[in-house]
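Below is one structure, written out as structure tokens; comments come after it.
All of the numbers you see were taken from the coordinates with simple rules; none came from a lab. Because the structure is a prediction, the values reported are computed rather than measured. Note: ideal-geometry Cβ built from the backbone for every residue, glycine included; neighbour counts use all protein chains shown.
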Amino acid sequence: MPTRINPSILAADFANLERELGRIASADLVHVDIMDNHFVPNLTFGPPVVERLLQVSPLPFDVHLMIENPERWAPGYAEAGAFSVTFHAEASPDPVALARRLRSIGARAGIALKPGTDVEPYLELLAEFDQVLVMTVEPGFGGQRFMASTMPKLSRLADAVRSSGLDVWLQVDGGITEETIVIAAEAGANTFVAGSSVFNAADPAEQIARLRAAADEHTHAH
């Protein structure tokens, strides 16, 4: 599985988002955190901003919905052209139906799990998803410390994906640095969201390369 680095524009300069997207053009996808001030205590972008940014982005969008009622909003992001749309297991009454809807529109469907959410109920549903996002911080704010306590969940997912033979990307989001990306890669992640560590670097492209190299060196040898 190739290593994917998806910088989160939550850490970008909001006054210059088009320029900021250009600074991360060597990444794989742009991670776009959508927060509604209900599911999480913060508010970010909505569909019009995402639609406009997609028109000027050198990379596809990996949209992460930290919102209530994703059934109502998620399809719109897929229709706007997002490559991948991830919603939270805790917010969706029927994750399989929503994932199928997103796939039918043409987006990859992802499911996200908060640090305290048990992965077991979702292991038998892996074929319905293209990506599982293991949150390595509590969702809602950038710049938090990586929670190593989430790694057993990630390892469990990696084992399940391997034994199923499915092409399911395993993503981590929260506190990803050159040090913590090694821990997550060893536990089985192959898709890494990095915000502050990329956008606060003097040269984001160099930092993306360093993160990718660190992850490649420690990729789970399943």
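Take the chain, connect every pair of alpha-carbon atoms lying under 10 Å apart with a spring to form a Gaussian network, then pick out the residue of Thr136, Thr86, Thr117 with the largest mean-square fluctuation.
The residue with the greatest mean-square fluctuation here is Thr117.
In the chain, once you exclude exposed GluC sites (Glu not before Pro) (DSSP loop, at most 12 other Cβ within 10 angstrom), what's the longest stretch remaining? The partial results should precede the final answer.
Numbers: sites that count: Glu124, Glu179.
Result, exposed sites excluded: 1-123.
Which distance in nm do the two modelled labels at Ala201 and Val182 give, with both placed 7 Å along the Cα-to-Cβ direction?
1.6
Once both labels are modelled 7 Å past Cα along the beta-carbon direction, what's the Ala25-Thr219 spacing in nm?
Simple spin-label model gives 2.6 nm for this pair.
Any chance you could tell me what percent of the C-alpha pair distances in the chain go past 31 Å? Please report the intermediate quantities before stating the final value.
Details: 2895 of 24531 pairs.
It works out to 12 percent of all Cα pairs.
Under 1.5 on a/c is rounded, so check that first for the range 81-172, then, if it is not, pick prolate when a/b is larger than b/c and oblate when it is not; a ≥ b ≥ c are the square roots of the alpha carbon gyration tensor eigenvalues.
Numbers: a/c = 1.75, a/b = 1.25, b/c = 1.40.
Oblate is the answer for the range 81-172, as a/c is 1.5 or above yet b/c matches or exceeds a/b.
Among Ile183, Ser196, Tyr77, pick out the residue whose Cα is farthest towards the positive end of the charge dipole of the chain, where Lys and Arg carry +1 and Asp and Glu carry -1 on C-beta, about the Cα centre.
Tyr77
I'd like the distance separating the alpha-carbon centroids of the range 167-185 and the range 28-74, in whole Å.
Cα centroid to Cα centroid, the span is 20 Å.
For the range 77-183, which chymotrypsin sites (Phe, Trp or Tyr not before Pro) pass both filters: DSSP loop (anything but H, G, I, E, B) and at most 15 other C-beta atoms within 10 Å? Could the numbers behind the result be given before it?
Values: sites: Tyr77, Phe83, Phe87, Tyr122, Phe129, Phe141, Phe146, Trp169; in loops: Phe83, Phe129, Phe141, Phe146.
Here the chymotrypsin sites (Phe, Trp or Tyr not before Pro) that fit, given the DSSP loop and packing criteria, are Phe141.
Using 7 Å Cα-to-Cβ label points, what is the Val56/Ala209 separation (nm, one decimal)?
If labels sit at Val56 and Ala209, their model points lie 2.7 nm apart.
Name the most mobile residue of Pro75, Pro93, Pro115, meaning the one with the largest mean-square fluctuation, in a Gaussian network model of the chain with Cα contacts below 10 Å.
Residue with maximal mean-square fluctuation among Pro75, Pro93, Pro115: Pro93.
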